[in-house]
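Reviewing the structure listed below.
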Amino acid sequence: MNEVVQTLGIKTPIIQGGMGNISHAALTASVSEAGGLGTIGAGTMSVNKIEEIIREIRVLTDKPFAINVPLTVHPEVKQLFSLILKEKVPVVSLSAGNPAPYIQPLKEEGIKVICVVANPKQAKKAEAHGADIVVAEGYEAAGINSVEERTTFTLIPAVASAVNIPVIAAGGVGDGRGLLAAFALGAQGVQLGTRLVATKDAKLHDNYKQALLEQTETVITGRPFHKVRRLLKTDYAEELLANQERMKPEEFDEKTNEDRHIKGAVEGKLKEGHLNAGQVTSIINDLPTVEELFRRMEKEAQEIYKNMHINF
């Protein structure tokens with residue numbers, strides 16, 4: 001059996017990426033109900049808000065789900081971990097910081113631990129401290145990325161060769177071709193973010209979804225501040241990119257903070273906020289349900305694999 005499926009208690013090796021403050025129960029539950037692992041992105045949300053989302057998810061599904069904790073971003077990490085333990089959240093994903101102090105306390109409570117990594121060194125460190133799975137995220141992915149800017153196509157084989165625990169590929173995956181390619185590179189599952197925004201189940205603004213259907217380009221902002229972030233190429237993002245060299249760090253932070261993210265993604269105010277988007281937007285052309293998307297990806301991957309005729 002696939003190790004990701006077995007470890008996480010799910011049916012299909014597809015997990016939802018953390019989406020920060022635009023995370024919501026409906027999409028998380030839809031991913032879990034479709035056989036994957038739905039994920040709440042803690043972002044900078046209050047612990048009380050996260051508790052509300054957890055309880056809403058449990059009304060919508062009895063399937064496993066996860067919380068992604070960005071360790072150096074969330075303002076109440078200690079309180080958040082207390083909530084996770086109290087609510088017995090099945091899976092925790094750790095990112096944006098050193099996961100070492102948190103892995104064993106979570107595992108002692110029977111919680112599965114996923115660590116998001118950007119290179120083989122980080123993956124080996126996560127494995128050494130007891131992580132069950134690592135997500136290796138290439139810089140094709142949406143939102144905040146590693147300053148190393150390693151592509152998924154080169155990152156996955158390097159990480160898969162470095163560790164013995166299962167690897168999940170993130171960044172640039174949005175259909176059955178990407179799912180099959182990830183397995184060929186050494187992964188045992190994939191993480192989706194942008195592709196899940198473009199679904200009927202995502203309770204995000206129609207302007208965001210329509211922009212993903214119409215715009216195939218993304219831009220990288222934040223390099224002058226060593227804060228690499230991939231955004232959909234909107235007027236807001238282009239203005240940010242054009243002016244960032246002249247900005248002070250605090251001004252750039254204000255222009256790309258979670259309030260601006262919510263203005264764009266949730267409120268649909270595309271001139272006042274940004275839209276996180278990975279390069280996978282170039283292959284998004286419809287808005288299926290999560291269930292339809294997953295079944296289509298599985299079928300497409302199986303058919304391509306069956307019809308491969310490779311002679312070496």
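Scanning the range 202-237 for residues that are of a type in the set (S, T, N, Q), in contact with a strand residue (DSSP E or B) (Cβ under 8 Å, 6 or more places away or on another chain) and either touching a residue at least 60 places away in the same chain (Cβ under 8 Å) or not assigned by TED's automatic domain parsing to the domain that holds Lys271 (or both) turns up Gln215, Thr218. The helices (runs of 4 or more DSSP H) falling completely within the range 157-247 that include 2 or more residues that are of a type in the set (D, E, K, R) and farther than 24 Å from Lys299 by Cβ map to 206-214, 235-243. If you go through the range 139-173 and keep only what is among the small types (Gly, Ala, Ser) and touching a strand residue (DSSP E or B) at 6+ places or on another chain (Cβ under 7 Å), you end up with Ala141, Ala142, Gly143, Ala160, Ala169, Ala170, Gly171. What's the total number of residues in the range 1-26 that are in contact with a Lys or Arg (Cβ under 7 Å, 6 or more places away or on another chain) and crowded, with 23+ Cβ neighbours inside 10 Å? Looking only at that region, the number is 1. Report the residue count in the range 44-67 for those that are over 28 Å from Met297 (Cα atoms) and touching a Pro at 6+ places or on another chain (Cβ under 8 Å). Total meeting the criteria: 1.
Would you be able to say whether some residue in the range 152-159 is under 19 Å from Ala66 (Cβ atoms) and surrounded by 18 or more Cβ atoms within 10 Å (Cβ to Cβ)?
no
Looking only at the range 259-290, residues that are over 20 Å from Ala198 (Cα atoms) and surrounded by 15 or more Cβ atoms within 10 Å (Cβ to Cβ) come to 0 in all. Of all the numbered requirements in (1) crowded, with 17+ Cβ neighbours inside 10 Å; (2) of a type outside the set (A, V, I, L, M); (3) out of contact with any Lys or Arg (no Cβ under 9 Å at 6 or more places or on another chain), Asp206 misses one, and that requirement is (1). Taken as a whole, the range 91-110 holds no residue that is modelled with pLDDT of 95 or more, charged (D, E, K, R), in the same structural domain as His24 (by TED's automatic domain parsing) and under 23 Å from Val290 (Cβ atoms). For first residues located in the range 142-163 and of a type outside the set (Phe, Trp, Tyr), partners that are surrounded by fewer than 15 Cβ atoms within 10 Å (Cβ to Cβ) and at pLDDT 85 or above and lie 6+ apart or on another chain with Cβ distances below 7 Å form the pairs Val147/His226.
Hey, which of the helices (runs of 4 or more DSSP H) in the range 15-130, taking only ones fully inside, have at least 3 residues that are more than 19 Å from the chain's Cα centre (by Cα) and under 21 Å from Thr199 (Cβ atoms)?
47-60
Answer with yes or no whether Ile304 is part of a helix (DSSP H, G or I), among the aliphatic types (A, V, I, L, M) and under 15 Å from Asp206 (Cα atoms). So Ile304 does not fit the description; no.
The rows are residues; the columns are (1) within 24 Å of Ser23 (Cβ to Cβ); (2) touching a residue at least 24 places away in the same chain (Cβ under 8 Å).
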| residue | (1), (2) |
| --- | --- |
| Glu245 | no, no |
| Gly264 | yes, yes |
| Gly268 | yes, yes |
| Lys299 | no, yes |
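For the range 88-133, the tally of residues that are within 24 Å of Thr152 (Cβ to Cβ) and surrounded by fewer than 15 Cβ atoms within 10 Å (Cβ to Cβ) stands at 3. Arg150 fulfils the conditions (1) assigned to a helix (DSSP H, G or I); (2) basic (Lys, Arg); (3) modelled with pLDDT under 95 except for a single criterion, (1).
The values are calculated or read from the model by the stated rules, or taken from the named source; none is laboratory data. Everything numeric in this text was worked out from a predicted model, so none of it was measured. Virtual Cβ from ideal backbone geometry, glycine too; neighbours counted across all protein chains shown.
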